[in-house]
Every structure is written in C-alpha cells, then in structure tokens.
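Student: Have a look at the structure that comes next, please.
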Amino acid sequence: MSLRRVLSLPGWAEHVRVLAGAAGLDRPLATVQATLDASHLPAPGELTVVARPVAGTDWQIDALLRRCADAGATAVLLSGTEPLSASRLLADRLSVPLLATSASPLDLLVEARLLLAAPELDRADLLLATHRALGDRLRPPEEVVAVLRRLVRSRVAVLDDRGVPLAGEVGGRVRLDEAVPQRTELDDGVLLAHPVLLQRPAMWLAAELRGTEAARADVVPPALAVAAGALQRWLLANRLELERDARSRTALLGDLLRLDTEPGADLRRRVADAGWRLGGWHVGLHLGVPAAVDTVARTQEVMRALDVEAVVEHGDGWTGWVTFDHEPTAERVRALATRLQAAHRTLRLGAHMGVGRPHPRPEGLAATVAEALDAARLAATRPETGHFLHVDQLGMAQLLLEWTRTDTFEPAARALVAPLRSVPGDLVRTLAAYLDAESSIAETATVLGVHRNTVAARVARIEQLLGVDLSRPDERLALHLASRAVILAGE
C-alpha cells in the first residue's frame, strides 16, 4: 500500500492537500497514527496525523519532518495548520510528503486505517454506491456519465462503436477491436474501458484516472461493469422503441409509395402524426449502406446529418425527402444536392447516395423516391463521383440505361423530352429520326420527307429547348432512348 493509494480515497481526495514532498507519494504505508502535537516519534512506514494545530513556531514541524525522514516514516498530515515556505522546502528536500486538511483528522484516520486493514472495502463501497446511484430506472448515457464522474471523481465518457464520444470525454483511446475490459497506461494516469455488448460492442464506457486517482485503477473496473450493465439495459429498451418506430415509418412509407389514388383520411392522419407533408414539391433521396451497418441504430445519426423533411429505414439503407412549398428553382435544387453530398461525406458509413428531381403532390413523392433509388444503385458503382449521384447531374445515358430496368423509365423519358411535345413540328419524331440516321441531316430529311433546311432548323430548335449539345455522345444516347420510348408508348 502506498500513500498515493490513500490519497485516492474519497474523503482524502476531497479534503487533503499535498503541500510539499510530492516526490515521496509512492512511499510504502504500513500504519496511520494520530498524535496531539508535533513531538511524536514516528515509526517506519507511518503516516503521522497531527490532530491539533501546531502551536509555536514552524521549527516543531521541521523537527517532525526530520524525525520522519530518519525513521523511514511515510508522511505528515497537519490539521488546521499552514506551515511556512521553509517547512515546505524542507519537506521537498527530504521527499517526505507534507499534507494539510481542514476536515476532521480522525475521520480521515479511520478511512485510511480501514483501507489498510481491508483494501477490498473501498472497491465494495464504490460498487455499492454505483448500484444505488444508478438504481433500476433506465438511464441514458448522459446520466450514467454524470453518476460515474461524481463517484470516481475523474473524466468519464460513453463512446460509440467507432470511439466517438456520445457523452462526456476522455483523452485516451480505446482499442475498439478488443471487446474485453481494458486498461491502458497513460503518461500521467490510466485509461479504463468496459464494452457495452449487444452481440458486439455497441458502446464503450471509459474512465480516465489521472494523478493520485490513478492509484484507484484496481477499484474502478467493477463499478464500470455495473454502469455498463445499466447502459446495456437502456440500449435494449431504446432498441425496442427504435425498432417499433422504424417499422411504423417503413410501413407508412410503403403505403405512400404504393399510392395510386388520392390518399384517404386515415393515411393523411398517419402522415400528419409523422410530421410529414404530402403537398408541395418533393425531392427524394436514398442512402444505401453495406449489410453490416445497423440502420436502426444509426437512424438518429443519419437524421442529424441529412437534416431533411423525413428519413425512413428502407431497403438497403434510408429513404428521405425534402418538401418545398412551391416548385424549387434549379439553383435551390443544386444547393440542396450540394448540402446532401457534404452530409454524405461526413457520415462515413461506406454508403452510396442518390438524389431525385422535384415532383409535386403525393404521387410525386413516389416518383422522386424511385429516381433517388435508381440513382443510388448507380452511385454504388461510381467511386469517381464519391458514390453520390444527383439525377440532374448524371450523365443522362447511364441513368436512362439503368432506368430501362425499372418502372420509372417511361415517365422519366417523357419528362426528358416534354419541352419538345409542347411546340409544333413533331420534334420528338424528328429527334428520333435524326439520331437513327447518326446525325445525318440529309438522311433524316429523306426519312421524314421534308427539306434538309427544315431538319436543320428543327435540330437547332431541339437543342435550344432541351439545353443540350447533340454532338455529345452521352446526350445523344440518352435522348435517343427517351425519344424512342415516348414514340413506342404513344403507338
């Protein structure tokens, strides 16, 4: 037993100050003896507690310090006395710790003697205090950290499975790949960590003991285990609630995506209860993740990062959307996509994200979500884009090729060539014929039975209305597919 260990006791840590002689804090301690004055003759390994203030001059304290050094005693504790700097310098020179307290010295003496007689009592007291403080009530990580910080008198934190603090803070690092209680030596202390297990570590509980508190490193682990059990109970209860909410949200989203008529009163009420809106213009998104990612547990994190109208566990990840009161401008949609891309980078879930175009009303929600799902599937194969694709920013050829295997292909094709259908001149058929003829004006004129100048004027008009350059292969291919799909649908 060392003096440093005694100083880590709750009463001593709170009421005793080390005035000088800190170099001797690791001296072995054999006994604690009380005396009424400074004339006491100390024994080897003794902590001398001077129960009354020392009367007279500081020479009495100096003499006691010298007798302690000569006898191999451990330290001196003064009650209600503040020695002069000369006595402190002497204690430093002799490496005899000089301690002071304003609390009851006899209470401190009893606490120290109990530690010497039965060291396991300190561990038992802390364990019992932890049980009583946490109780049977479910406590979130913030409350568990507050309880342990008060009992252990050190920095405490709850970390997620990546080592990021959920509550509190510690300076050391936990070895996340070792799902066992850990002890890591620091420069001036010890880092203790205990896993909170749900099949694998879902959280870590860590305590950083610095200075004299590090001497208590053998006492704290059982208390961490009790607190980890409390966190495990909270996790299980919270998990049940999260899964219930997730099933409810997923079922509601499924009903919305299957909607082919005006939503009924019950569906509108459920949507309102969820805080979602059916009116306005919607921009959908989908975030797909590897199968190993726990989507239910990460939903709150994703919600905070994306900060959108709704986020729902769906398919291989999460589906969400943003609702605008009025049709958003292209600039607002691009700004939204840029913000979502930045959020996607910060999540670091190995995810791929797709963002759809704006669509109005309840049926538009299903359309934009479908586009986002298609874009996310394509984004999974696009490391060069950071596994993020926005429908309006995609190479149209790749997107439409992907859409040919989905129910959203034909509506997307109609939307792409819609500006051509609102003006005279049969521009959709002209576009298809022009691309069939590999951009030959003469051949297109022959197929359509019109003058080549007419074809040239129509092609220029098509590029103007769509805002495209038909000399670009990707855009030619995309418009070729779209125009053919629209013509076949019309036939």
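Student: Can you tell me how much longer the chain between L488 and A460 gets when fully stretched, taken as 0.36 nm per residue apart minus their C-alpha distance, in nm with one decimal? Numbers along the way, then the final one.
Tutor: Details: separation 28, 0.36 × 28 = 10.08 nm, distance 2.40 nm.
Net length gain for the segment: 7.7 nm.
Student: Sticking with this one: Dipole magnitude of the range 1-130 about its Cα centre, charges +1 at Lys/Arg Cβ and -1 at Asp/Glu Cβ only, in debye to the nearest 20?
Tutor: Working: 11 positive and 14 negative charges, 46 e Å.
Taking the Cα centre of the range 1-130 as origin, the dipole is about 220 debye.
Student: Lys and Arg at +1, Asp and Glu at -1: add these up for the other residues within a Cβ distance under 11 Å of A103 and post the number. Show your work: numbers first, answer last.
Tutor: Working: positive: R17; negative: E14, D107, E111.
Cβ neighbours under 11 Å give a net charge of -2.
Student: Could you run the Karplus curve 6.51 cos²θ - 1.76 cosθ + 1.60 with θ = phi - 60° over the range 170-177 and give me ³J(HN,Hα) per residue in whole Hz, x for Gly and Pro?
Tutor: 9, x, x, 10, 8, 7, 5, 7
Student: So, one more: Within the accessible area of the chain, what % is carbon and sulfur when the probe is 1.4 Å and the other protein chains stay in place? Provide the component values of the computation, followed by the final result.
Tutor: Working: 12290 of 23470 Å².
In the chain, the share of accessible area belonging to carbon and sulfur is 52 percent.
Student: I'm spelling it out carefully: the read-out is semi-axes √(5λ) of the Cα gyration tensor in Å, the candidates are (i) 40, 25, 21; (ii) 35, 24, 23; (iii) 78, 23, 16, and one was derived from this structure. Which label?
Tutor: (iii)
Student: Under a point spin-label approximation (7 Å from Cα along Cα-to-Cβ), what is the V164-A179 distance to one decimal in nm?
Tutor: 2.1 nm
Student: What ranking of W59, W276, W234, W318 comes out by heavy-atom accessible area, probe 1.4 Å, highest first? Before the final figure, lay out the partial values.
Tutor: Numbers: W59 165, W276 25, W234 55, W318 0 Å².
Greatest to least solvent exposure: W59, W234, W276, W318.
Student: Right, here's the next one. Assign unit charges at the C-beta atoms only (+1 for Lys and Arg, -1 for Asp and Glu), then state the dipole size of the chain relative to its Cα centre in Debye, rounded to the nearest 20.
Tutor: Numbers: 56 positive and 62 negative charges, 62 e Å.
In debye, rounded to 20, the chain gives about 300.
Student: Shifting gears a bit: When the Karplus curve 6.51 cos²θ - 1.76 cosθ + 1.60 is applied with θ = phi - 60°, which whole-Hz ³J(HN,Hα) does each residue of the range 162-169 get, with x for Gly and Pro?
Tutor: 9, x, 8, x, 9, 7, x, 7
Student: Let me ask something else. Provide, for q = 0.16, 0.18, 0.24, 0.25 Å⁻¹, the log10 of I(q)/I(0) from a solvent-free Debye sum over equal Cα point scatterers in the range 31-96.
Tutor: Cα-only, vacuum Debye calculation for the range 31-96: -0.43, -0.55, -1.02, -1.11.
Student: I've got another one for you. Grab the eigenvalues of the alpha-carbon gyration tensor for the range 184-319, scale each by 5, take roots, and send me the semi-axes largest first in whole angstrom. Mind dumping the intermediate values first?
Tutor: On the way: eigenvalues 389, 44, 31 Å².
Over the Cα atoms of the range 184-319, the ellipsoid semi-axes are 44, 15, 13 Å.
Student: May I pose another question? Suppose R0 equals 60 Å. What FRET efficiency, 1/(1 + (r/R0)^6) with r the Cβ-Cβ distance, do D255 and A118 give to the nearest 0.05?
Tutor: 0.40
Student: While we're looking at this one, here's another question. Taking only complete DSSP H runs, can you tell me which helices of the chain stretch 20 Å or more along their own long axis by Cα positions and average at least -0.5 on the Kyte-Doolittle scale?
Tutor: On the way: long enough: 120-134 (21 Å, 0.07); 220-257 (53 Å, 0.29); 330-347 (26 Å, -0.28); 361-379 (27 Å, 0.32); 452-466 (21 Å, 0.08); 473-490 (26 Å, 0.51).
Once both thresholds are applied, what remains is 120-134, 220-257, 330-347, 361-379, 452-466, 473-490.
Student: Extension gain R247-R472, at 0.36 nm per residue separation less the Cα-Cα distance, in nm? Please list the in-between numbers first.
Tutor: Working: separation 225, 0.36 × 225 = 81.00 nm, distance 4.59 nm.
Value of the extension gain: 76.4 nm.
Student: Could you give the accessible area per residue of the chain, probe 1.4 Å, as a whole number in Å²?
Tutor: On the way: 23470 Å² over 491 residues.
On a per-residue basis, the chain sits at 48 Å².
Student: Here's something else I'd like to know. Taking the Cα centre of the chain as the origin and placing charges on Cβ (Lys, Arg +1; Asp, Glu -1), which of A223, V447, G163 is farthest toward the positive end of the dipole?
Tutor: A223
Student: Starting from the Cα of R132, step 7 Å along the direction of its Cβ; do the same at R452; then give the gap between the two resulting points in nm.
Tutor: With each label placed 7 Å out from Cα toward Cβ, I get 10.0 nm.
Student: For the charge dipole of the range 172-251, defined by +1 on Lys and Arg C-beta atoms and -1 on Asp and Glu C-beta atoms about the Cα centroid, which residue among P201, A251, T184 has the Cα displaced farthest towards the positive pole?
Tutor: So the residue we want is A251.
Student: In nm, what is the difference between 0.36 nm times the number of residues separating A63 and R239 and their Cα-Cα distance?
Tutor: 56.8 nm
Student: Under 5 Å between amide H atoms, partner at least 5 residues away or on a different chain: which partners does A20 have, H built in plane at 1.01 Å?
Tutor: When sequence neighbours closer than 5 places are left aside, the close amide H contacts are L98.
Student: Another one. When only Cα pairs under 8 Å and 6 or more residues apart are kept, what is the percent relative contact order across the range 26-113? Don't skip to the end; give the middle numbers.
Tutor: On the way: 162 pairs, mean separation 25.7, N = 88.
The normalised contact order for the range 26-113 reaches 29 percent.
Student: Using bins 10 angstrom wide from zero, how does P(r) for the range 295-374 break down, in % of all Cα pairs?
Tutor: Result returned by the calculation: 17, 54, 27, 2.
Student: Roughly how big is the range 162-205's charge dipole about its Cα centre, with Cβ charges of +1 (Lys, Arg) and -1 (Asp, Glu), in debye to the nearest 20? The partial results should precede the final answer.
Tutor: Working: 5 positive and 6 negative charges, 54 e Å.
Dipole magnitude for the range 162-205 comes out near 260 debye.
Student: For every helix of n ≥ 4 consecutive DSSP H residues, a contribution of -39,500 (n - 2.57) applies; sum these over the chain, divide by its total residues, and give [θ] at 222 nm rounded to the nearest 500 deg cm²/dmol. Could the numbers behind the result be given before it?
Tutor: On the way: 18 runs with 243 residues, N = 491.
Only helices count here, giving -16000 deg cm²/dmol.
Student: Pop a pseudo-label 7 angstrom from the Cα along the beta-carbon direction at both S104 and R348 and give the gap in nm to one decimal.
Tutor: 5.2 nm
Student: Which percent, nearest 5, of DSSP beta bridges in the chain are antiparallel? Numbers along the way, then the final one.
Tutor: Values: 49 of 65 bridges.
Beta bridges within the chain, antiparallel portion: roughly 75 percent.
The values are calculated or read from the model by the stated rules, or taken from the named source; none is laboratory data. If you're wondering where the values come from, they're calculated on a predicted model, not measured in any experiment. Backbone-built Cβ (ideal geometry, glycine too); neighbour counts: all protein chains shown. Accessible surface is based on the protein model in full, side chains and every heavy atom, while ligands, DNA and RNA are left aside. Shrake-Rupley method; radii C 1.70, N 1.55, O 1.52, S 1.80 Å.
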